[in-house]
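This report refers to the structure that appears directly beneath it.
The values are calculated or read from the model by the stated rules, or taken from the named source; none is laboratory data. Predicted model, so just to flag it, every value in this text is computed and none were measured. Methodologically, a virtual Cβ is constructed for each residue, glycine included, from the backbone with ideal geometry; neighbour enumeration extends over all protein chains shown. Ligands, DNA and RNA are excluded from the accessible area calculation, which covers all protein heavy atoms including side chains. Shrake-Rupley method; radii C 1.70, N 1.55, O 1.52, S 1.80 Å.
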2 protein chains.
Amino acid sequence: MGDRTGDRTIPESSQTATRFLLGDGGIPTATAETHDWLTRNGAEQRLEVARVPFSAMDRWSFQPEDGRLAHESGRFFSIEGLHVRTNFGWRRDWIQPIIVQPEIGFLGLIVKEFDGVLHVLAQAKAEPGNINAVQLSPTLQATRSNYTGVHRGSKVRFIEYFNGTRPSRILVDVLQSEQGAWFLRKRNRNMVVEVFDDLPEHPNFRWLTVAQLRAMLHHDNVVNMDLRTVLACVPTAVERDRADDVLARLPEGSFQARLLHSFIGAGTPANNMNSLLSWISDVRARREFVQRGRPLPDIERSGWIRRDDGIEHEEKKYFDVFGVTVATSDREVNSWMQPLLSPANNGLLALLVKDIGGTLHALVQLRTEAGGMDVAELAPTVHCQPDNYADAPEEFRPAYVDYVLNVPRSQVRYDAWHSEEGGRFYRNENRYMLIEVPADFDASAAPDHRWMTFDQITYLLGHSHYVNIHVRSIIACASAVYTRTAG
Amino acid sequence: MGDRTGDRTIPESSQTATRFLLGDGGIPTATAETHDWLTRNGAEQRLEVARVPFSAMDRWSFQPEDGRLAHESGRFFSIEGLHVRTNFGWRRDWIQPIIVQPEIGFLGLIVKEFDGVLHVLAQAKAEPGNINAVQLSPTLQATRSNYTGVHRGSKVRFIEYFNGTRPSRILVDVLQSEQGAWFLRKRNRNMVVEVFDDLPEHPNFRWLTVAQLRAMLHHDNVVNMDLRTVLACVPTAVERDRADDVLARLPEGSFQARLLHSFIGAGTPANNMNSLLSWISDVRARREFVQRGRPLPDIERSGWIRRDDGIEHEEKKYFDVFGVTVATSDREVNSWMQPLLSPANNGLLALLVKDIGGTLHALVQLRTEAGGMDVAELAPTVHCQPDNYADAPEEFRPAYVDYVLNVPRSQVRYDAWHSEEGGRFYRNENRYMLIEVPADFDASAAPDHRWMTFDQITYLLGHSHYVNIHVRSIIACASAVYTRTAG
C-alpha cells in the first residue's frame, strides 16, 4: 500500500490515484453523447430474453445427486440449497436457494492519460437482466470460465493489460464480495490498471474522463454494479501537505468540500481504526453463523415453491429463480440459456452522514447475509428490501428505514436507482441514497452501527471482506457528488 | 491501527506493544521454575485418555442425514465429508474427512506491568491430545460454547477482561485461521489485552515476563499452538526515530539484530505491499478451489476406510480420526468423550530467510489447504508432512524440502518441535525451523513463493486470512531468537 500516514493509505501510484480522485480536466460532462452511444450500442447488442421452463433449458438440469440446477459442464454457476442458522435477528433458521459460483470473477478497468487528462475505458455491455439494454461496464468483465475458454467463445478483449502480458501500472487489485443474500461466498477481483499503449478502438468501448463517467452516476441504471465496485476501490487518501490544495477547489464549507475532506483523510475520525477492527472481530465472533449446503428440494421446508416455470417463496418475498433463453448477435457465444434470480421487490440502500468534530462521518452497520464469506461485512446504514420486513415485529424492523423513507428532501445529498449485476439478476433495481443528518442525530441506540470517515472505509477497501457491495456502490455515487462538474 | 508510517503499523497502544517486542526487565529466563510449575500442574490436571469405538461414544453419533459424526447438542464440532476440486498440484479432486466447527474460538492473553516489567498471564492447560500433560496456554482459551454455557460447566476465568466487563487496553483483536488441512474454515479470535486490576491468583495461572515466556519456545512441546498464534499477532513495527535505540541493544550485525531490524520495519522491502497484495489476489483468482460438503461415507471414494475403531486412509497417509474418552478432576466438565484427529506423520514447517539489500527477508508461499477460508494463505517456505509426498512425482514434490532436510547446522537459526491444538489433534508434533540462506540463494524458480520482510508479515497479521497458523508459530519462535536472554 505504499506510504501510509495516519489512518490513511497513500498508494504507490499515488499520483494517478489522486488525479483519479479529483477527476480534473477535459469537458466535465458528456452526458448526451454518452447516452447516444449507449443507445446505439443497445440497438446493436440487442439481447432477446424470454423465460423458459427449467425442463426446456438446454445444457442445464437438476442434478440427481442433490437436486441443484447446474450446467452440464459443471462450470458457470448453480442454484443450490443453503441452510443458515444464526442466534440473532428475526429469522434464525432457514433453507433458501442460493447462487453457487465458486470461481472468482474478473472486473478490470483501464485508465489512461490523454493530453494530461485521465480517462477510463468504459464498455457498453448488454446483460440479459439489465433494465436498460446496455449499461456502462468496466473494460473487462469476465468469469474465469471466460479467460480459460470454457465459454468456447472469443477471447476477452484487453485481458493482456490485466494478466501481465502487456505493461500496466496497477492501481487496484483486491478481491471483494458480491451480494451475500443471493450468492454463496462469491467474490470478484477488482482491478484498475493504468496503461501506456495506444489501444485499438472498438464500438463497444469509449474513453470517458473520470468526471464524465461519474456524471453518469446521477442517472438511473446507467453505470452497472461491476463498474461501481471497481470505482469504489480506487484509494482516496491524499498526503496531508496536499490536502489544502485539493480542498481549495471546492466552495469552503459546502457539502462537496466536506465530503472530499472526509475521503482524503484530512479530518479526525471519531473512532480509531484499532477500535473499529476490534468491533468487527467482536461482532464476527459473537454471532452464530452456520452455513450448510443442502439438497435443493429442502428449500420447500422454508416456504419455497419449486415449479417448472420457476422457484418462488410462498410469501412472494425475497426472490424468484427462473430460466431464460437469451439470443444475441454480438457476444462470446451467440445464444444461451441460463437461470436468473429476480428479487421480489426493490432494495433501499441509504448511508447517513453526519459532521462529527468538523469531519464528515458515515454510519455503517455490520450486516450478516446468508451467503456471506465472513460472518458480517460493513453495510450501509439501511440495507434491506423493506417489503421483506412488512410483517416483521417492531423489534426486528431494520433501524432507520422509516427515518430514511420520511427524510426531508433538504437532507438528501444523493438519490438514484441502480441495478445489480444483469448477468445474474433480472431487472433488480435498488435505491441508493446519501443523507445528511443533523449534528444532534443520535445513533447510540443502534448497537451494530458505527461512525466511520470515508477515508477509513476506503482504507479497508484495500483488503477483502470488510466492505459490502452496496457500500461500494454508495462510495462510487459519493464520488459523483464531490467531483466538480463545472470547469 | 493507530499511526502508520511507511509499510509499518504503529499501534495505538504502541508503548505497550514496543515493550512487548523488546521483552525487557526482570529475570530473563525462569526455565526450571516454569518447568516445575508445569510438572506440578500436569500431575494435578491429569487427563486419562483412552480410545473408544465410535459406537461407544456417549452423546456422539453418526447422523442419519449425511453420516457426519456429531454431538447430540449440534454444538462443538463434527467430522464431515468434504469434496475439494482444484486445477493445480498433485491431487486435484478428492473427498476427505474434515473437522467442521463453524463457531469462532476465543484465544486471549492478558498482559500487565509489575514494577515496570511487562508480564503475561500464562495458563497451564491440559488437553487430551497434548504430548506433555499440560502446556503453556493463553490466559483464556474458549469456544463460544464455553462462554455461552453449552458446556454446562463453570464460567471461563478472566473473560471479563476480554468482553468489556472490566477495563482493559486492547493490543490485538483479530480473527485468524487454524489448520486448513484438518479444519473447514475454522477461525479463532486472537486477543491480547493489557489489564490494570490486581488479578486473583490461581494455581493454573502464572505471570511470566515476555522474555521468560519466549525462552520456553526453545523447548519442545511446551508452548501450545494457541499461545504461539496470539504471541505472533502483537504488532512489531517501531517508529523510525526509535529504531536505532532498539537495535543498539543487540550485537551489531548479529542474526538477532538483523532479525529484529526486519521485524521493526527499519529496512527496505524487496517487494512493496501493493505488489504483494496484488500477487495474493492474482493467485487466489487463478486457482480453482471448489469446496463442497459431502456425506461422510463418500470419503471411501478417495481411499478412506471407516471402521468402528477409527477412520484412516488406505495409504496410511494424512491422518486418522478416532474417539476417546477423557477423565479429569479439574475442568469445566468432569469427563467427556470426543473425536480426535491424529496426523499420520510429522510436519515440517521451515522458513528460509535471506539478506536482501541489508534487510532480512523471509520466503513465504501461497498455500491452498482443503478447508481454507480463502483460496490460499501465506505459509512457510516449506509446509508439508513430507511422508505424504513420498510417492509424489518429482514435479509435485514440495519445493525446498530436500534443501531443508539437508541444510548444514551452521545455517539453522531455530529448530524445535511444537504440537498443534491438543483439544482436537492427538499428539501431533511438527518441526519448526528458521534457516538462513546465503545471498546467492535463488528462489526465482518457485513461482508461488515471495520474499517479505517480517514487518510486512506482521502488518498483514492485523487482518484476517493472510497469514496461516504455521507462519504465526514461526513468528512466535523468531521472537524467541531476537529476544535478549542475557540481562
Query - Residues of the stretch A:440-478 satisfying the condition of being at pLDDT below 95 and not acidic (D, E) - result: A:A443, A:S444, A:A445, A:A446, A:P447
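Would you say A:E395 is within 14 Å of chain B (Cβ to nearest Cβ) and among the charged types (D, E, K, R)? Reasoning before the result, please.
Details: within 14 Å of chain B (Cβ to nearest Cβ): no; among the charged types (D, E, K, R): yes.
In short, no.
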Report summary line: Output for Cβ contacts, cut-off 6 Å, separation at least six or different chains, first residue modelled with pLDDT of 75 or more in the stretch B:328-340, second not in a strand (DSSP E or B), reads B:T328/B:L47; B:M337/B:M57; B:M337/B:D58; B:L340/B:G129; B:L340/B:Y426
Report task. Tell me which of these B:L121 doesn't satisfy, since it passes every other one: (1) modelled with pLDDT of 95 or more; (2) within 14 Å of chain A (Cβ to nearest Cβ). Result -> (2)
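Residue check: is B:R286 within 14 Å of chain A (Cβ to nearest Cβ), farther than 30 Å from B:M57 by Cα and open to solvent by 20 Å² or more (accessible area, probe 1.4 Å)? Working first, answer last.
Values: within 14 Å of chain A (Cβ to nearest Cβ): yes; farther than 30 Å from B:M57 by Cα: yes; open to solvent by 20 Å² or more (accessible area, probe 1.4 Å): yes.
Answer is yes for this residue.
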Query raised in the report: Do we have any residue at all in the stretch B:256-276 that's buried (at least 24 other Cβ atoms within 10 Å of the Cβ) and among the β-branched types (V, I, T)?
Result: yes
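Quick grid of which residues meet (1) at pLDDT below 95; (2) more than 14 Å from chain B (Cβ to nearest Cβ); (3) assigned to a loop (DSSP other than H, G, I, E, B):
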| residue | (1), (2), (3) |
| --- | --- |
| A:A50 | no, yes, no |
| A:D58 | yes, yes, yes |
| A:E65 | yes, no, yes |
| A:S73 | yes, no, yes |
| A:I79 | no, yes, no |
| A:H83 | no, no, no |
| A:G89 | yes, yes, yes |
| A:Q96 | no, yes, no |
| A:L107 | no, no, no |
Query raised in the report: Got at least one residue in the stretch B:291-298 being open to solvent by 30 Å² or more (accessible area, probe 1.4 Å), in a strand (DSSP E or B) and without any contact (Cβ under 8 Å) to a residue 24 or more places away in the chain?
Result: no
Query raised in the report: Does the stretch B:15-27 include one or more residues that are in a strand (DSSP E or B), open to solvent by less than 20 Å² (accessible area, probe 1.4 Å) and more than 21 Å from B:D309 (Cβ to Cβ)?
Result: no
Query raised in the report: Of the residues in the stretch A:71-115, how many are under 25 Å from B:D66 (Cβ atoms), surrounded by fewer than 18 Cβ atoms within 10 Å (Cβ to Cβ) and touching a helix residue (DSSP H, G or I) at 6+ places or on another chain (Cβ under 8 Å)?
Result: 1
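Which residues, taken from the stretch A:437-487, are aromatic (F, W, Y), within 23 Å of A:R19 (Cβ to Cβ) and within 14 Å of another protein chain (Cβ to nearest Cβ)? Before you say what the answer is, go through the steps one by one.
Of all residues in the stretch A:437-487, those aromatic (F, W, Y) come to A:441, A:451, A:454, A:459, A:466, A:482.
Next, from what is left, pick out any that are within 23 Å of A:R19 (Cβ to Cβ): A:454, A:459, A:482.
Scanning the stretch A:437-487 gives a single hit, A:Y459.
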Report summary line: Within the stretch B:347-376, of all residues that are touching a helix residue (DSSP H, G or I) at 6+ places or on another chain (Cβ under 8 Å) and within 14 Å of another protein chain (Cβ to nearest Cβ), the one farthest from A:S177 (Cα to Cα) is B:L366
Report summary line: When (1) more than 24 Å from the chain's Cα centre (by Cα); (2) within 14 Å of chain A (Cβ to nearest Cβ); (3) in contact (Cβ under 8 Å) with a residue 12 or more places away in the chain are applied to B:S275, the one that fails is (3)
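Any idea which residue in the stretch B:323-346 is farthest from the other protein chains (Cβ to nearest Cβ), counting only those that are closer than 22 Å to B:D387 by Cα and open to solvent by less than 30 Å² (accessible area, probe 1.4 Å)? Break it down stepwise before answering.
Pass one, the stretch B:323-346, residues closer than 22 Å to B:D387 by Cα: B:340-346.
Narrowing the set further to residues that are open to solvent by less than 30 Å² (accessible area, probe 1.4 Å) leaves B:340-343, B:345.
Numbers: B:L340: 22, B:L341: 20, B:S342: 26, B:P343: 26, B:N345: 30 Å.
Taking the candidates together, the pick is B:N345.
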Report summary line: The number of residues in the stretch A:260-290 that are in a helix (DSSP H, G or I) and not polar (S, T, N, Q) is 13
Query raised in the report: From the residues in the stretch B:159-183 that are part of a loop (DSSP other than H, G, I, E, B), open to solvent by 10 Å² or more (accessible area, probe 1.4 Å) and at pLDDT 95 or above, which one is nearest to the other protein chains (Cβ to nearest Cβ)?
Result: B:E178
